[in-house]
Amino acid sequence: MSGLSSAGSAPAADPAGDAESRLAAVISPLRRTLLAAARERGELPDIPDAQIEVVRALLPSSGSAERGPAELAEALHLNRSTVSNLLGAMEADGLVERRRADGDGRRVVVVLSPRALDLFDRFDQAAGELLRDALETLDPADREAVTAAVPALEKLAAALRGGSR
């Protein structure tokens, strides 16, 4: 009978565990829903999540607009062979370009293609519009709570990646 409320009908609430469970249950569906809706609104191709992570790692805002394959593997916590396969598919789709590094002709670096930059600008614009529209449907207190939570969610993401901000 442990875990049942005094009425015997439901498990007792664990405030700390409940928050983690609820957060885990909302993050993945929220992300998938936003991706699908932004792809539809922006009339964008369906790009696999792993390729999206590679693109995000190569965006100028990530701190490095070009990286070697080994650097990408380390940054994304993926095996080098996985990154090599991803880059091969992305190069075939016109999303990345491999070239010799400036100043070191032995080193190969990966950069985003103009096509990838355009697609991700369009994706970010569509996602931003969708989020603004959705936030407008919330009452002011909920809208403020979501906005206030962003810095903590950024820190949570960094902690999950094993880094710090």
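How much FRET efficiency would the formula 1/(1 + (r/R0)^6) give for Leu138 and Asp102, where r is the Cβ-Cβ distance and R0 is 41 Å, rounded to 0.05? That pair, Leu138 with Asp102, gives E of 0.30. Restricting the stretch 19-86 to GluC sites (Glu not before Pro) that sit in a DSSP loop and have at most 12 other Cβ atoms within 10 Å of their own Cβ leaves Glu43.
Each helix, a run of at least 4 DSSP H residues, gives -39500 (n - 2.57); summed and divided by the residues of the chain, these come to -21000 deg cm²/dmol at 222 nm. Only helices reaching 20 angstrom along their own axis (Cα) with mean Kyte-Doolittle hydropathy no lower than 0.0 count here, and for the DSSP H runs of the chain these are 140-161. Spacing of the modelled spin labels on Glu71 and Arg22, each 7 Å from Cα toward Cβ, amounts to 4.2 nm.
Every read-out reported here was derived from the displayed coordinates using simple, explicitly stated rules and does not represent laboratory data. What you see is a predicted model, and the numbers here were worked out from it, not measured in a lab. With ideal geometry, Cβ positions are generated from the backbone for all residues, glycine too; neighbour counts draw on all protein chains shown.
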